[in-house]
Structures are given as C-alpha cells and as structure tokens.
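A short write-up of the structure that comes next.
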Amino acid sequence: MKHDKQPNRLLEGGRIDRDRPLTFSFNGQSYTGFAGDTLASALLANGVDIVNRSFKYSRPRGIVAAGAEEPNAVVQLGSSEAAQVPNVRATQQALYDGLSARSTNGWPNVQRDLMGTIGKLSGGFMPPGFYYKTFMAPASMWMTYEKYIRKSAGLGRSPTESDPDIYDHLHQHCDVLVIGAGPAGLAAALSAARGGARVILCDEQETMGGSLLDSREMLDGQPAAQWADSALDELASLDNVTLLPRTTANGYHDHNFVTLHERRTEHLADVAPLANGRRQVRSRLHRVRAGQVVLATGAHERPLVYAGNDVPGNLLAGAVSTYIRRYGVAPGNKLVLSTSNDHAYRAALDWSEAGREVVAIVDARANPDGELVTQAQALGIRVITGSAVVEAKGANRVTGARVAKIDIDGFKVVGKAEELTCDTIASSGGYSPVIHLASHTGARPTWRDDILGFVPGKVTGMTATGGANGVYALAEVIADGSQVGAQAASASGHQTAPIDLPSVAAIREGAAVALYQVPHEKTTLRAPKQFVDLQNDVTAAGIEVATREGFESIEHVKRYTAMGFGTDQGKLGNINGMAIAARCLKRSIPEVGTTVFRPNYTPVTFGAIVGRHCRELFDPERYTSLHEWHIKHGAEFEDVGQWKRPWYFPQTVNGKPETMHEAVARECRAVREKVGILDATTLGKIDIQGKDAREFLGRVYTNKWEKLAVGRVRYGLMCKDDGMLMDDGTTSCLGENHFLMTTTTGGAAGVMEWLELWHQTEWPELEVYFTSVTDHWATMTVTGPEARNLLAEITDIDLDRDTFKFMDWREGKVAGVPARVFRISFTGELAYEINVQANYAMPVWEALFEHGDKYGLTPYGTETMHVLRAEKGMIIVGQDTDGSVTPEDLGMHWAIGYDKPFSWIGKRALTRPDTRRENRKQLVGLRPKDPKVVLQEGAQIVFDPDQAIPMAMMGHVTSSYYSPILDSGFALAVVKGGHKRMGDTVYLPMADGQTHAAEIVGPIFYDPKGARQNV
Amino acid sequence: MQRYSGFGLVKHALSHHENWQRQWRNPTPKKEYDVIIVGGGGHGLATAYYLAKEHGITNVAVIEKGWLGGGNTARNTTIVRSNYLWDESAALYEHAMKLWEGLSQDINYNVMFSQRGVLNLGHTLQDMRDIQRRVNANRLNGIDGEVLDARGVQELVPIMDCSKRARYPVMGASWQPRAGVARHDAVAWGYARGADGHGVDLLQQTEVTGFKIVDGRVVGVHTNRGDIGAKTVGCVTAGNSSVLANMAGFNLPLESHPLQALVSEPLKPILDTVVMSNHVHGYISQSDKGDLVIGAGIDGYNGYGQRGSYPTVEHTLQAIVEMFPIFSRVRMNRQWGGIVDTCPDACPILSKTPVKGLYFNCGWGTGGFKATPGSGHAFAWSLAKGQMHPLAAPFSIDRFHSGALIDEHGAAGVAH
C-alpha cells in the first residue's frame, strides 16, 4: 500500500489532489507532493524523519504536530535571497510547486550533525541557566564566548536583500467576529449570520472546517467534512458574512480590537505572484473592531512527557489522525499509542484502517471502558492498561517503546518494562483549550479539574465556545457554538436564530486521567531526557532543577528554563511544564498558575504590520507650493520636521558646482548688499479668533498683547509651565478679535496642540478658536536693501517707510494676487514677508524674479537664513535653546510681562530659586581668537583648559558659522553667568586634541543698533 | 553560598544536578528589620545587595508583591549605556557602567553584559548638533564616545539603509563602544542571590498595603502578611511609585505609562550592535538567543495594564523596517508592555521624602535598566548614611520646587 515515490503516502484518502503533483526541495533534495499537502505532510509522505536539529543539544527532531503548535519543523523558506522567510512552520505552509525549504540548524547537515555529537557529550553540563553560572572567567573572554553562543543559537536567518512584496492594512467593523472555523465556529457564525449580524469568520488553516476535516464522526449520516462544506456554502452566500481563510487572529487587544493576519499568497509562492501585471499583496492585516468576539479556537492536544519523547517518530495522537485522514499519509508502519484518554484511540483506529500495524495501545487508566476502547479491542488491537510508554528507543527514528505499569499518584514505575518494537509512538495526555487570545486581554484563565485544562477568563464582549471552552464531544460542540453565535447576534442587537442541530451518533467516552510527565524507573534527574518544550530543549529535569534552585513562580521557571519562549510560545509544552513544576513544588496546577500569553498567537511578518507605511510613505513629505521651482533651480534640501526646505542653492561657477560654503557666502552677501528671497512657507501659522483671543495670547505668551493694534505685529515667546522657552514667533493683529500666530517650522503641530490643551482643559471659559493655516498660505521673504524697490514694482500697497513701518502688516495685491505683507525681519535687513494663498504662490514668486533680476534678486535657503539671523543674535528655538533655557537666559527680559494681570504659562516657574540663579547658562556671542576658526556647534566650553578630566563644563556652542560680511567665524553660545562675563576668554577642548580660545561678546555681531531693518 | 564556575558545572553534572542549592531562601517575615526595601526588581535587589555587602547592613527585607524581577526588569530591552548629556545624569549612569563592567564577577552570576556598542543615530542637522554636543560633553566627563558620519555608521552596520533614499537619511551617529546589552533576568536573580547570601530576606508574594507612620517618621509597613517594622524604608517600585507615595500621604510628579517592546523570532546573528534612533523612532538589538529586541516610545495615555496600544507597535515596526528594509520578511514573535514612571524632566528621583526615614527611588521612566547597579549602589549608600549619596543628591524631589531640573528630553528624547 505504498505510493511510487512517496513511501508513506496512502493509496487513497485525504483531501489532496492526486492529479496535481508538486515538486519541492528540502535541504537541496527534490521531492514530490500533492496539491492540498502542507510541507509537513509532504515531508512525512516522503519518509523524511529528521527535519531539524534542536537548539541547545542539537538532537535530531522530526514532525510532531499538524498545526500551529508544531515546535520542531521550523524551516527556512525561499528560493532567492530577497524571498527568504525564516522560521516557517512546515505544518502551516501549504505546498506549492517549486517550494524550496531548508532546515534552520544542523552542520554540516541535519542528518549528520557535528554539533549533535557535542550536544550528546556535553548535554549533561547544560542544565537550565548554565550560562549564568559560567563563562565568567576571565572577564575579558565573555565577548568571545558570546560570539560562539550567538552562533549556535537562533533558528533561521534574515534575508539580506529588501523585501519585494507589499502589504495592506484593512480596517473592519463587525457585529460578531468568530475566530476559528471548526465545528463550534461554523455553528456560531451560521446562527449569528442567520440572525442578521454582520459576521467575520476567520480561520488560520488553508481550508475552513477545523477538526471536521479529519473527523471520524458522521453528521446527519454524512461525513463531518460534508456538513462543514454545506455550512461554508451557506456562509459564502450571505452578504453579511466575510469569510477569511488563511487568516490568523494574532492579537486580542482592549475593547474587542482584534488583529487578523491574512496570508494571501504564501500558499502560491515565496514572492507574491503577479496578477494582471501587478504584484499581488502578500498579506493583509485586518484591524477589526468587533461588537462581540466568539472564540472558537479549539484545543491543542498535550503530548505525554516521557524519556526520549523527542526522537523522530514521536507524534501527537491527533496529528497522526490528521495526517492519515486529511493528507493520506501514514507517518510510519508500526504504531504504539500512549494515552490518558479515550479520544486519542481514534489515532489507532485510523492507523489500523490505513492498513498499518498498531502494535499496542498503552492506556494509563486501569479500566478504560469507553466505546472507542471496545472498538479497538474488537479490531484485535492489544490494549495495555494502567501503563504508559516510559521511554522511546532510537536515535534518528523511533525503534521501540518501553512500556511499563505506572503508579500515577506515587509517580513511579511499578513492575518490569516491556519493550515493543515500533517506528512510531503517538501520545496524548489530554487537551488544552486554546486560550491564548483571551489571555492577551489580561484575563487570567481558570483551571477546570473536570477537563484537566485552563479555560479562558472573563472578557467583556467575548464568549469562548467548543474546544476553546473545554467542550469536546462533537454534538455538544455544535450545539454550544450555535447557542453562543445566537447570543452574540442578540447582544449586538440582532435576532436570535440558532441553527438546526445535525444528528450525531454520540460516542460514550470514559473519563480521562491526569497524566503529564510519565514516571521513569530512574529519577527525573537521572532518567534519559524527557522533553517538555521541544523547541527550547527544556526537559522535565530542567524544570525540577529550577524549582530546586528556588525558582518557584511559574514566571521564574519559564524564564530560567526558557520554557515557552520559542516561536510556538509553549503551545505544546506549557501545561506539562506547569504540571511538572506543580509536582516538584507539591502544589496544584491552578496554584502554580499560567504564564501570560502575549500577542502574537503565531508570528506575524513585520511587513504586514508595517503595511504601506514604509519607504516613501513612512512619513509624509511636505512640500511648499514653490517646491518645483526650487528643484528646477538646483536646491539642496534639508529635512525640517516633515518639510523639505531648500538648504542652499548651489550655482555652477566656472563649470564647477559651488560648495555649500561658497553658495552660502554668495547668498549672504546678496541679502546684505542687494536683495534675497526665502521660501518661508513652512513656518507654522495658526489663525486665532474669538472675543477672548487677545486674552488667550496674553496667557500663553510671556509678553503683553492687550495693546497690539490692528495692523501691527509683535514677536512673542512661549514657555512651558516649567518656565523654559518652547517656541517663538510673530503674531499679527488682523482684527480686534482676530490674530495670526506664526510658529517655528518644527514646532507648528506641537504649538497647535499646546493651545488646544490649555484651552480645553484649563480655560474652557475663554471664547477662542484655533485653525491651522500653515498650508493655506505661502510665505515669501523678500529682504535686503533693495527689497522695497523690488516689491514696489509689483504691489499696490504703499510701502512708504513712515506709513508702513517695521512690525506693521498691510493688505493689498502683489503681482495682482491678494496678499498680506508683513514688515518683519529675520535677517536684520529691510524685509517684507509676502503671504498669498498657496495656490497662487508660483506666479507671484516668478513675478518677483522677473522684476528682481535688475536688483540682483537671489534665492537663499535655510543655511543662509541661519547665518544671517545668527549675525543678528536672533535665536532659533531648538538650536540655541534646549528646553532648559528661560527668556531671561536669552537676555529677553523685555519680552516678559511680569506685571500682567492674569498669570501666564511659565510665570510661576520663572520665580523659582533655580530660575533666578545668577550663574545660569546665558546666551552670549563668541568671537574665536583666530578669526579663521569656525567653532564646532556643540563644542563644550571650559574656563580652564588645563584641568584634568572630568572637566567643569560651563556651556556650549549653539550656533556657529563663517560670516562673509565679517570675514570671520563667529558663534552663539550659552555660558554660565555669561551676561556678566563680557570680554572673558573661554576655551573649547576638541576631540582632535586642539583647544580653541574665544572671547565672550554680545550676541549681536552685525548692525547692533538695528538700523538696517528700519530704513 | 555555592560558588558558580565552569568547574562547578562539571562537578554537578556528575551528580546529575541533584545538589544545586537554592539561589535564595523563601523566609518567613521577621517582626522588625533595620531596613525594608519595597520592590523586588533589579534596583531594589541591587540596593539590598549593596546595603549588605558595602555597608554591612544585613538585617534587611525586600518586599515584593509578585515575583522577583517581575516588573520592568523582566520587560525592558536591556540596553546599557552612559552617554547622557548632563553632568548629573552622566555621572550617575557612568557610575552604573563601571559597576556593570565587573558585575558578573562581583555577584558570581553571569549577567552577560555584552559591550557591543550603542549607536544613537542622527537624521537631521539638529540631531547632529545635539550629538556633537553630547559626545563632547561625554568626552570631557571621561565617558567614551565618538561621532561617526554616515559612512562610519554604514561600516559598523552594513545591513542598515544608510542611503540617501531613506525618508530621513542617516547623517551620522554617536557611538559608545563600552555600551551594550545585558541579560535582564540574570541581573535580578544575581543580585537576589547575592543579597540572600548576605542574609537579606527576600519576601515574595508580599504586598505592602500601607505605611506605619508615627510623628512624621516611618516605623514600618503594613502587608498582606502582617505588619513589618523598620525605621528606614526605601521604595523602589517603578510604575507603582505614585500609588505608594499616596499611601504615605504625598504626591510625586510622576506619570505611569505603558511602554511596549517586542521581539522577532530567533535568527542567526545579523546585528552586532545596538542601534537607536530618536528621530525615526525605534531601537533594536539582537539578543544572544537570536531575537531582534525592539522598542520605541511610551504610549501616550496613563495606565497600569502592562499592555499598550497596537498603533505604537505599528509605528515601532515602521521605524525598524525603514532603517532595516531587509527585516520586512522577518516575523514578530511576541509583544508586551511594562509600566514606566516618567518624570517631567525625564530624569529619576532618588530622594528623601516628607516622611522621615522613607526614601524613594523612582521615575526612571524608559531608561532604568541600564542604571540598575549605580542606582542600587547610590541608594544603598543613602539609606545606610541617612543622607543622599552625592551622585543621587541632584535627583532630589526638591528639584521640582526649586526648578533645578535636569532635562534629558532634549538629548535623550523619549527613547532611552
């Protein structure tokens, strides 16, 4: 009964398409499987026993399970470098033609692994936490030890090329989210949908149906899978139902927010195939907000923990059934089943029906008497009672099972063991409801002695049903699902419409017995290794050692042994581990408790979580309406907040592009000597209206606003409540109750939030409204001695120096476009800031250039802006300040209204002892003793250059440039007590060993009287 | 106390590991101790250890409501560095760094302190000014560090996207070679074992429900296991500090926020240093087990849930994939949250309080792990002497009255 090239493939049965053979490779060798296979079923069909090497001891490992709980069959997928996917579980990977997979560990290969020999020899020296107890001497060697530890750890490898695939996010809302499309989930979805609720049904597997797909049971006289098919047909026909196969609910967050990861192409190829010439979306993340959540996630079978239980050929009983019934694969020839319950007898019956030999069923119970037991005995299968497999024999594959009578309560082997020859051992220690998702919400699970498992804790708006709630008999599962679905519909305002229950031939099952770790003739510490967590090589002995060492909390046990830390997150081993810890600590399992399960249920591709928010969409790029012009004119750009601002405009001089230094020198001279133009659109602009607008300004700015007349502009400072400067800018009075505030480019959003925060939480009685208008207006700064002459050519505004004074603003037309023109200056030169509606900016800008040629109009960028303002001692918030600078530190006493009638933000803080301190760091100018030196921004200042390290640092350079007008370097700095240290020499010891000297001077280097901006 | 060594491992292997001693006892609370430490996390256990070892004060109880090292010690991303901007913080974190450098040997417990270096990336001109400033300050404070340009960064981390194509191209970084990561759980356990070895009682599953205060002086605590007396009580309870302060009758300027972290599945070695970016906003390292350990900023709201919101996870991974496009196909295994106690100036509080004999060590926000040895060392000194250690003095609670804040926001951002 063997298939040609697939020795373990049954000639019939399974939900595979035998007409569609698929070729795939594993560790470089070519194999054939069928459409409908998983990689795991195909490997088993081909008789591949060893799929990996274990993490710590390098032991050979085979496939254990058939689903998400698989700990061993973790492979590297990908036929090209960019398509690599590390750590794919073979049991969850659909086979496709050309699939290429490799084991993640094993050298030189998984079959003959050198580390395995070392693991065998040194395994005894690696108890849990051994690395905490050694590698300490000599101390200098740790980095070397660590290199080798790192090399031997890890599973798969990261790709080293960028991901060719794309990922989507979807936002979904539904009345009822049903997680899991097994019998409970299908029944719940059907009844909720019939009641009219909007239902999303998701299931992690390739095909919906869950346990119905490999069930022996009949529903309404038909195979269970047929009932599943008709239920799915009905669901698919309903408009209010969304079916999401291959979709795993990975995270259950507060307020019924659930994240679903839908894999759309991973069953087709390693890189998403093209459809209509476009790359398909590899996976989608559904961000679901559900009225009700129905948890129908089923249960995971627990393996028994016995010596040698990791040798390939040891499988879960349920997995054996799944491979036979769903995939037509019998993963061996001679089976021994070791069980604590009736349910697992199905594996032996399936095995027998597949024509393979069941050597024996070893039942831990003294007198099993359920129907399945009788059936097995009727088939002539030997049933050994009161016993268990105490040890699996074999190295690279099971060769036998040592079976002995056991005393469960006494935790010992009684009598002599018998060795049975076999190549497969299936085990079942009962079932654990899949409670992971409910645990994500913080709900503590509850232990139930009757089902020997934890059920989900209470979560508002969530109901668990079927196996997830400890209900296992098929008839009851469907009835429970139907009722829960109907209730969920009702809870979300829909009708209660439970389904007609199918008839099920009930199978009487006897009670299970609580068995987790199987005793061995030797003590746990001396017995051959009994594995609990296969992926992390955690053994029963390891857990016992941990508890002996005082690790009594289950969280400590987990962390000390690494139990449950793998990519399977302990789905297979955790309950067994808790039971073993409980035994060692002489406590009950509920007293020991569970660890907290965290998202994700199964691992999720980073890319899927990132969605489209990467590359050019990582953070939006903001451009001004003049951006195209800047590009055309060769601007280099600087990132300021999200904005792209022209940094400088290098020109080609004598066939060579200017350096930044040359360009900036040219731009600076143009502004000081003729006229320059800056795109200042990015400055934040907030339109403030309301009868209390003026009052509000007085409370958020340090200076006074009650007398600012319509048509006037004022510079203002804004402090945090700790008295430290947070932003600055001008605010113009547009009308009695109408102001336009400007902010720094980077601070715009923060200031807007700040104003709303104070308005909404502290002063809601004030009638004031804020609107961000940053993008609505384009701002062009025309500045330099020729600014008035240039602007006069294209505006109808009277620019007379006495009627349109410094710090005035006027409305009119510029180049025929309605404009607000502000006479403010950030260069110290005569300056006009022209604001026009952003869409009209380009013609205005171009008109300025048309007329500006004869005046030498020169575009300049942020670097020149920085130099010009620094020459004038004007600060940039965030560069010359850092959240620890008060207005007084900046010498701006004039901008503080201590006598304002209503307190303002920061006022109280400015009267604290530390803010009154004499030797605070204060803003000064620095003139380098060597004028050729441009001090480093961020250089630290000391008074005594000869002191030893640590040096007493007295301040630092905040801004520093070469000034083409002064033909020297100059800097702004903050220095302790600087305002009273004019003329002192300070020193700047640099990393290259040089120490620069500089003189403390006033911060204004050019035109100290401010004559030039008032012309 | 059993001494750990490679030789010892071999010896124990021969006796099937049957003779390992408990790493700490499970004692019954005494009626009275000289000092009570509330909070059995890394900082609290370190405090107890140094009290016993350096000051000979061994009649000490550490009272922990859950399990040792179960709070932020178990939840952080294990980064250790000392390249802080301000003198006060730099001195404290560098004190910790020096203790880290001999810690495994001192406590005879391998905390796997891996000095693989930390990069703090700069993506804007202002980032680079701040980096220059901080590295200059570090140098003059005797702390290692240098400023790298984009090419230097690329050489250290070839797999990072340092190209101009990035949304915020890497312009450079600060590089502290002595910085790195450590095994967080081992720090708690190693200090616990060390403290226990000196006779300190570690009382787990013991919750402080109130303070006994007589005439403005603390004389003990109420717990779910009865009253326990002590004239000196140090509270080291991170996210629950404001709750405890409330029990003692005063307020602390703290906000407790969720801080999340996540790990990928284990991978073969791919990233050999720690990379942090405040601007793109994420940080990443690879654990010895192979997981990429990833974090970013706090969730904006207050909470004690030890869980955060999903958008924070999304933003964090966006930042990581922006910096490392090759990680897009790597998969996220697990996320979790801790409760961080943040101060207005992003610096901790090590301080006396309005209640005599009651001290608080809290407010470490997102950056407490790296300070563990230094914090415990300085706090133990303060409890032993009845006055704050010179390194701890600037972090007094009085600074929120005087205004003498130590604002690390500017240089450190939210991500420590």
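Any read-out appearing in this document is the output of simple, stated calculations on the displayed coordinates, not a laboratory observation. Computed from a prediction, not measured in an experiment: that's the story for all the values here. Counting neighbours? That spans all protein chains shown, and the Cβs are built from the backbone with ideal geometry, glycine included.
Residue order for B:Arg167, B:Arg151, A:Arg198, fewest other beta carbons within 10 angstrom first, comes to B:Arg151, B:Arg167, A:Arg198. For the stretch A:709-742 versus the stretch A:330-396, the inter-centroid distance based on Cα atoms is 83 Å. Hydrodynamic estimate: the Kirkwood radius of the stretch A:707-768 over Cα pairs, inserted into Stokes-Einstein at 37 °C and 0.692 mPa s, corresponds to D of 258 µm²/s.
If a/c stays under 1.5 just call it rounded; otherwise compare a/b with b/c (prolate if a/b is bigger, oblate if not). Do that for the stretch A:360-418, with a ≥ b ≥ c from the square roots of the Cα gyration tensor eigenvalues. Here the stretch A:360-418 falls in the oblate category. Counting only the backbone N, which residues of the stretch B:35-52 are under 17 Å from the spot 7 Å out from the Cα of B:Phe250 toward its beta-carbon? Those under the cut-off are B:38. Summarising the strand pairing of chain B, around 70 percent of its internal DSSP beta bridges are antiparallel.
Based on Cβ point charges of +1 for Lys and Arg and -1 for Asp and Glu, what charge dipole magnitude is obtained for chain A about its Cα centre, in debye rounded to the nearest 20? Display every interim value, and only then the final one.
On the way: 106 positive and 119 negative charges, 478 e Å.
It works out to roughly 2300 debye.
Taking every DSSP beta bridge that has both residues in the stretch A:304-428, what percent is antiparallel when rounded to the nearest 5? Antiparallel bridges: around 45 percent, rounded to the nearest 5. Only beta bridges with both residues in the protein assembly as shown are counted; by DSSP, about 75 percent of them are antiparallel. Our summary gives the stretch A:1-160 a relative contact order of 23 percent, counting only alpha carbon pairs under 8 angstrom and 6 or more residues apart. By the count of other C-beta atoms within 10 Å, a proxy for reagent exposure, A:Lys120, A:Lys976 are ordered fewest to most as A:Lys120, A:Lys976.
Averaging the Cα positions of each part gives two centres, and for the stretch A:219-288 and the stretch B:313-388 these lie 41 Å apart.
When only alpha carbons are used to place a centre, the stretch A:598-674 and the stretch B:182-246 end up 53 Å from one another.
Measuring max minus min along each principal axis, the C-alpha atoms of the stretch B:174-226 give extents of 51, 29, 20 Å (largest first). Its relative contact order, with pairs defined as Cα atoms under 8 Å and 6+ residues apart, puts chain A at 9 percent.
When only the Cβ of Lys, Arg, Asp and Glu is charged (+1, +1, -1, -1), the dipole of the stretch B:70-125 relative to its Cα centre reaches about 280 debye. According to the square roots a ≥ b ≥ c of the eigenvalues of the Cα gyration tensor, what is the shape class of the stretch A:1-160, taking rounded for a/c under 1.5, prolate for a/b larger than b/c otherwise, and oblate for the remainder? Cα axes put the stretch A:1-160 in the prolate bin.
Kirkwood analysis of the Cα pair distances in the stretch A:531-585 returns a hydrodynamic radius of 10.4 Å.
May I ask you to work out the translational diffusion coefficient for the stretch B:46-117 at 20 °C, viscosity 1.002 mPa s, via Stokes-Einstein with Rh from the Kirkwood sum over Cα pairs, reported in whole µm²/s?
Values: Rh = 14.4 Å.
After rounding, the answer is 149 µm²/s.
Which value at 222 nm does chain A reach when only helices count, each DSSP H run of 4 or more adding -39,500 (n - 2.57), with the total divided by all residues and rounded to the nearest 500 deg cm²/dmol?
Details: 24 runs with 220 residues, N = 1015.
Here the helix-only value at 222 nm equals -6000 deg cm²/dmol.
Using the Karplus relation 6.51 cos²θ - 1.76 cosθ + 1.60 with θ = phi - 60°, the per-residue 3J(HN,Hα) values for the stretch A:831-843 come to 8, 10, 9, 8, 10, 10, 4, 4, 5, 9, 5, 4, x Hz, with x marking Gly and Pro. Look at A:Glu521, A:Glu786, A:Glu871 and count the other Cβ atoms within 10 Å of each Cβ; fewest to most, that gives A:Glu521, A:Glu786, A:Glu871.
What whole-number value in cubic angstrom gives the convex hull volume per residue for the C-alpha atoms of the protein assembly as shown? Don't skip to the end; give the middle numbers.
Numbers: hull volume 274.1 nm³, N = 1431.
Residue-normalised Cα hull volume stands at 192 Å³.
Assuming a ≥ b ≥ c are the square roots of the Cα gyration tensor eigenvalues, decide whether chain B counts as rounded (a/c under 1.5), prolate (otherwise, with a/b larger than b/c) or oblate.
Values: a/c = 1.82, a/b = 1.39, b/c = 1.30.
Prolate, because a/c is 1.5 or more and a/b exceeds b/c.
For the stretch A:579-594, the Karplus equation 6.51 cos²θ - 1.76 cosθ + 1.60, evaluated at θ = phi - 60°, returns couplings of 5, 5, 4, 4, 4, 5, 8, 6, 10, 8, 4, x, 5, 6, x, 9 Hz by residue, with Gly and Pro reported as x. Working note: Karplus 6.51/-1.76/1.60 with θ = phi - 60° gives the stretch A:730-736 the couplings 9, 10, 10, 8, 8, x, 4 Hz, where Gly and Pro are set to x. What the Cβ-Cβ distance of B:Asn59 and A:Ser588 gives, at R0 = 35 Å and to the nearest 0.05, is a FRET efficiency of 0.50.
Across chain B, the relative contact order, built from alpha-carbon pairs under 8 Å that are at least six residues apart, equals 23 percent.
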